[in-house]
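Following: one structure in structure tokens, then a few remarks.
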Amino acid sequence: MKNNYLVAINEGWQTLSLKNPEQIAEFMEVTYLKEEGLFLVPHLNENYIVDCNNKTVKSEKDGSIAGTELTILTLHYLTFFKEKENLAHKWVSLKEIPNGGILFYPAFYADTIKSIIKAFGNNTELFQACAKELGGYSGVFGTTSALFHVFPKIPICVVIWQGDEEIPANATVMFDKSVSRFLHIESIIGVGSYLAKRLIFLARKKT
């Protein structure tokens, strides 16, 4: 598995080196600092510095190196696009995303959505507290929901329906309909899973 991650990271840097950096900045709404060879990429509630010369992805806030998962997702975000696209401003579930969303949905539900239900299905106040720490802001769906900008063109909405004695809790993760223009299906699943893990990690710290 580690070797697979290493291959993905190396391929990501290679692909990035072949792209036009000014085009990346314009199309993906990030900042490119030409003299330094750096991209500044907004991610949730902070910025990450993508150093093309040293091949590192670091938090601008404290200089910490991004984890393997976030590094891969960031590189994919900067390199997957084919042309300039706008957000659709329409929410869809993974099942509605082309190129395999419906096939991957059962595993995504079992691994990611059920984990969200377990952590927050009976504690929506905890969910909102954790969401706020990641720059999320309240949405209009379900018992409670929050919208996150995982990357500038990757908004994700997490929705919770709180359970009671008669009805079990439920949840969903929604993506902008345009998401398949900005990430391939594995990375779409990856950003949803990554966000859920970040939220659940914060929940465990608070309880």
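Of note:
- Where a residue in the range 92-111 is touching a residue at least 60 places away in the same chain (Cβ under 8 Å) and its partner, wherever it lies, is of a type outside the set (K, R) and open to solvent by 40 Å² or more (accessible area, probe 1.4 Å), with Cβ under 8 Å and at least six apart: S93/Y105; L94/I102; L94/F104; L94/Y105; E96/I102; N99/H184
- Of the listed requirements (1) out of contact with any Gly (no Cβ under 6 Å at 6 or more places or on another chain); (2) open to solvent by less than 40 Å² (accessible area, probe 1.4 Å); (3) not aromatic (F, W, Y), E186 misses just one: (2).
- Where strands (runs of 3 or more DSSP E) fall wholly inside the range 39-119, the ranges with 2 or more residues that are open to solvent by 30 Å² or more (accessible area, probe 1.4 Å) and modelled with pLDDT of 95 or more are 46-51, 56-59.
- Residue that is out of contact with any strand residue (DSSP E or B) (no Cβ under 6 Å at 6 or more places or on another chain), surrounded by fewer than 15 Cβ atoms within 10 Å (Cβ to Cβ) and under 12 Å from F151 (Cβ atoms), where the choices are E35, E29: E29
- Verdict on P168 being farther than 30 Å from E26 by Cα, in a loop (DSSP other than H, G, I, E, B) and open to solvent by 70 Å² or more (accessible area, probe 1.4 Å): yes
- Number of residues in the range 1-26 that are open to solvent by 70 Å² or more (accessible area, probe 1.4 Å), more than 18 Å from the chain's Cα centre (by Cα) and touching a residue at least 40 places away in the same chain (Cβ under 8 Å): the value is 1.
- Of all the residues in the range 124-161, those that are buried (at least 16 other Cβ atoms within 10 Å of the Cβ) and either at pLDDT below 95 or assigned to a helix (DSSP H, G or I) (or both) number 7.
The values are calculated or read from the model by the stated rules, or taken from the named source; none is laboratory data. Everything numeric here is computed off the predicted structure, so don't read it as measured data. Cβ atoms come from the backbone with ideal geometry, glycine included; neighbour counts cover every protein chain shown. Keep in mind that these areas ignore ligands, DNA and RNA; they rest on the heavy atoms of the full protein, side chains included. Shrake-Rupley method; radii C 1.70, N 1.55, O 1.52, S 1.80 Å.
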